[in-house]
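Each remark here refers to the structure printed beneath this line.
The values are calculated or read from the model by the stated rules, or taken from the named source; none is laboratory data. Values in this document were obtained by computation on a predicted structure and should not be read as measured data. A quick note on method: Cβ atoms are made from the backbone with ideal geometry, for glycine too, and the neighbour counts reach across all protein chains shown.
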Amino acid sequence: MDCKKDKNIAGCTCTYEPCPKKGVCCECIAYHRKNGEAPGCLFPPEVEKTYDRSLARLARCYTK
């Protein structure tokens, strides 16, 4: 499967600019999963900007 980095990066909502995984979703997901986190694209914009990628924070975003 070919990486669609150019297409992915256009829709990437991660604000961490020096990230080398930006647009390479499979690497981003693997990295955050290894660290017990979720990728920034799963968070609402105001939470994503805090860089709190914890699974607990993700759950709070979608539990009401």
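In the range 3-35, what residues are among the small types (Gly, Ala, Ser) and closer than 20 Å to ALA56 by Cα? Reasoning before the result, please.
To start, the set of residues in the range 3-35 that are among the small types (Gly, Ala, Ser) comprises 10-11, 23, 30.
ALA30, the sole residue that qualifies.
Residues of the range 30-54 that are out of contact with any helix residue (DSSP H, G or I) (no Cβ under 9 Å at 6 or more places or on another chain) and either exposed (fewer than 11 other Cβ atoms within 10 Å of the Cβ) or under 16 Å from LYS5 (Cα atoms) (or both): ALA30, LYS34, ASN35, PRO45, GLU46. Scanning the range 32-64 for residues being within 10 Å of the chain's Cα centre (by Cα) and aromatic (Phe, Trp, Tyr) gives a total of 2. Annotation note: of CYS12, CYS61, the sole residue that is surrounded by 10 or more Cβ atoms within 10 Å (Cβ to Cβ), modelled with pLDDT under 95 and touching a helix residue (DSSP H, G or I) at 6+ places or on another chain (Cβ under 8 Å) is CYS12.
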